Amino acid sequence: MATKPSAPKKQGNHAHANSGFTCPECGGHEVVQDIEKGERICASCGLVVSEHRIDTGPEWRAFTSEEKDSRSRAGAPTNYSIHDKGLSTMIDWRDHDSQGKRFTAKKRSEIYRLRKWQIRTRVHSSVDRNLAQAMSELDRLSSQLGLTKGIKELAALLYRKLIVKRLARSRSIDAMVGASIYAACRLRMAPRSLEEIARYSRVSKKKIGQHYRLLVEKLKLKMPISDPANYVPRFMTDLSLPGHVQQKVLEILEQAKNNKSLVTGRDPRGLAAAAIYIASILMDHRVTQRDIAMAAGVTEVTVRNRYKELVQKLSITMAP
């Protein structure tokens, strides 16, 4: 039964706004959690809304991060970029016990058999074998391209959806992994071109593109349109240009968006490269067209053509 305490304790309580909570007494929306007593108290009028709540937290206390890690009984979080999500056990290849002592010959043969069967049970179905090979390729490509953990996890999740639902049978594993990475990069607004992925992959750009279209169709993904501004930070880092130049580049690209004829049907990398070239001249941090073209992965002709269009359509006055 709901009662009114004289004054709820403040020590150990945590007040927070709860959008789904409305006090039956005063209509307030802020609730205080009294962890020691297991009570929920209205912060406005002090009404005890519920009591005898179960504490789902640990029964132990820790005062340092090392102490917390050592006392925690939970394992590592699930990882989609490992074929079994990191949930299975592994038998180490070193033939030593926990004290560093070497096993006897009889024990070594026993551990060898256990290790062999443990590997077989981890990869026992065709789906598991496919995922094991794909996640190994994904790990290699992610390392070569310098992708973040979030993009790598999303690429693994996209690949898993295709394979587990059996939406893409008899397809190249390497090409599908490359397509998953390309899609994940676009979804996370950190795009990589097909040429970059094909450079480190074992399959061609054309094949990765075909598998990418299949992936988008089967998973019904809504892919965002490539924005030239998403390429700018990476190109600026490769060219070692300062932050105020990057700001000028983004301003030029923002103006170009208002002119549809500059953006429609244009390679976003070419637009970003041309904007960088213009900004480097305006801010007196000159970079050659060759260096910009190499960083952006386009030709010098593309940089020159996009540069002339931007200068003409946006009426930019260039320094001699």
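Just so it is clear, none of the values below were taken in a lab; they were calculated from the coordinates. What you see is a predicted model; the values in this text were computed from it and never measured. Every residue, glycine as well, gets a Cβ built from its backbone with ideal geometry; the counts of neighbours run over all protein chains shown.
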request  = Rank Ile173, Ser193, Leu138 by how far each Cα sits towards the positive end of the charge dipole of region 79-224 (+1 on Lys, Arg Cβ; -1 on Asp, Glu Cβ) and give me just the farthest.
outcome  = Ile173
task = Along Cα→Cβ, 7 Å out, is where each label goes; now give me the distance between the ones at Val127 and Lys222 in nm to one decimal.
result = 2.8 nm
note = Along principal axes, largest first, the alpha-carbon spread of region 228-313 in whole Å comes out as 30, 24, 22
ask   = So how compact is region 37-119: Cα radius of gyration and Dmax in angstrom?
value = 23.0, 73
remark   = Of the listed pairs Lys206/Lys248; Lys220/Lys257; Lys85/Lys205; Lys152/Lys222; Lys149/Lys257, those with alpha carbons more than 23 Å apart are Lys206/Lys248; Lys220/Lys257; Lys85/Lys205; Lys149/Lys257
Approximate spin-label separation Lys68-Leu282, in nm, with each point projected 7 Å along Cα-to-Cβ = 4.7 nm
Area projected by the alpha carbon convex hull of region 79-224, averaged over all directions, nm² = 10.3 nm²
Average silhouette area of region 188-246, convex hull of alpha-carbon atoms, in square nanometres = 5.1 nm²
note = With Rh as the Kirkwood radius over Cα pairs, the chain has Rg/Rh of 1.14
